[in-house]
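Everything on this sheet refers to the single structure shown next.
The values are calculated or read from the model by the stated rules, or taken from the named source; none is laboratory data. None of these values were measured; they are calculated from a predicted model. All Cβ positions, even for glycine, are placed from backbone atoms using ideal geometry, and neighbour counts span all protein chains on display. All accessible areas refer to the heavy atoms of the entire protein, side chains included, with ligands and DNA or RNA removed. Shrake-Rupley method; radii C 1.70, N 1.55, O 1.52, S 1.80 Å.
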Amino acid sequence: MSALEEARRLLSDITPLKTDCGRVCRGRCCRSLEGEETGMLLFPGEEDFYEDAEGWRILPAGRELLLICPGECDREARPLSCRIFPLMPLMGDAGGVTVRTDERARAVCPLVKQGKRGMDPAFVQAVLQAGELLMEEPAQRAFLQRRAEEQEELKALRKALTGS
Ligand code: SF4
Ligand code: SF4
């Protein structure tokens, strides 16, 4: 099993809360803004899961691929970006993997306010484990490195706009 398959498997049943967090916010992270489509980045190789899947489309997005979803999905079809949301595994300063709040979640997800402390520890642990596995594969590691750079840019933008 590849690191990607194993990461998807680790997060196949575990969600940020023990209950359905979509009930808290009526699935805000799945809702598109008017006139836009919901899309999320695919991890390297993840496109294979969606090539012939009805209702899903894959678009190029710079160096990455963007998956456009039907707006609702079964858990087994959910891409890894959605399975780990609102967290993100990143390379820590000391070389290990660390799990942070995804900067993009700040405007969307009500769980961000309490942070990891308010989430199911099993979920946080599964994101960490998935990150550790992915970091061992060069393509996945490079993808996560690009996400880390993106997170830093978003953080700097937030600080410039809000001062916090
Ligand atoms: S926005 Fe946050 S609380 Fe709402 S469904 Fe998505 S992850 Fe759960
Ligand atoms: S793939 Fe599923 S979980 Fe992800 S945004 Fe679309 S409907 Fe929501």
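Taken per residue, the accessible surface of segment 44-164 reaches 57 Å², heavy atoms only and a 1.4 Å probe.
Taking each DSSP H run with n ≥ 4 as -39500 (n - 2.57) and averaging over every residue of the chain yields -10500 deg cm²/dmol at 222 nm.
Based on alpha-carbon atoms only, what is the radius of gyration of segment 32-125 relative to the globular estimate 2.2 N^0.38 Å?
The value comes to 1.19.
Each residue of segment 58-70 is assigned a 3J(HN,Hα), and the resulting list reads 10, 10, x, 9, x, 7, 10, 10, 9, 9, 9, 9, x Hz, derived from the Karplus form 6.51 cos²θ - 1.76 cosθ + 1.60 (θ = phi - 60°), x at Gly and Pro. Neighbours of Met88, meaning other residues whose beta-carbon lies under 15 angstrom from its beta-carbon, give a summed charge of +2 when Lys and Arg score +1 and Asp and Glu score -1.
Computed from label points 7 Å out along Cα-Cβ, the spacing between Glu152 and Asp52 is 4.3 nm. Please list log₁₀ I(q)/I(0) at q = 0.12, 0.13, 0.18 Å⁻¹ for segment 3-159, using the Debye equation with identical point scatterers on the alpha-carbon positions. Log10 of I(q)/I(0), two decimals: -0.49, -0.59, -1.24.
Packing order of peptides 79-90, 64-75, highest average first: 79-90, 64-75 (average count of other Cβ atoms within 10 Å over each peptide's residues). Taking the charge dipole of segment 1-158 about its Cα centre, with +1 at Lys and Arg Cβ atoms and -1 at Asp and Glu Cβ atoms, the residue from Leu17, Met40, Pro89 reaching farthest to the positive side is Leu17. Distance between the C-alpha centres of segment 100-164 and segment 61-78: 18 Å, rounded to the whole angstrom. Rounded to the nearest 20 debye, the dipole magnitude of segment 1-136 is 900 debye, with +1 charges on Lys and Arg beta carbons, -1 on Asp and Glu beta carbons, and the Cα centre as origin.
Ignoring ligands, DNA and RNA, what percent of the 1.4 Å accessible area of segment 3-159 is carbon and sulfur? Each step should come with its number before you reach the end.
Numbers: 4510 of 9130 Å².
Of all accessible area on segment 3-159, carbon and sulfur atoms account for 49 percent.
Computed from backbone phi, the HN-Hα couplings of segment 80-96 come to 4, 4, 6, 5, 8, 4, x, 10, 8, x, 10, 6, x, 4, 7, x, x Hz, rounded to whole numbers (Karplus: 6.51 cos²θ - 1.76 cosθ + 1.60, θ = phi - 60°; Gly and Pro given as x).
Tell me which of Pro60, Val127, Val112 sits at the most positive position along the dipole axis of the chain, charges placed on C-beta atoms (Lys, Arg +1; Asp, Glu -1). Value computed over the given set: Val112. Here the Gaussian network model covers the chain, with springs between Cα atoms less than 10 Å apart; of Gly115, Gly39, Gly62, Gly62 fluctuates the most.
Using the Cβ-Cβ distance between Glu37 and Asp93 with R0 set to 25 Å, the FRET efficiency works out to roughly 0.10. Computed over segment 1-115, relative contact order equals 24 percent, with contacts defined as Cα pairs under 8 Å that lie 6+ residues apart.
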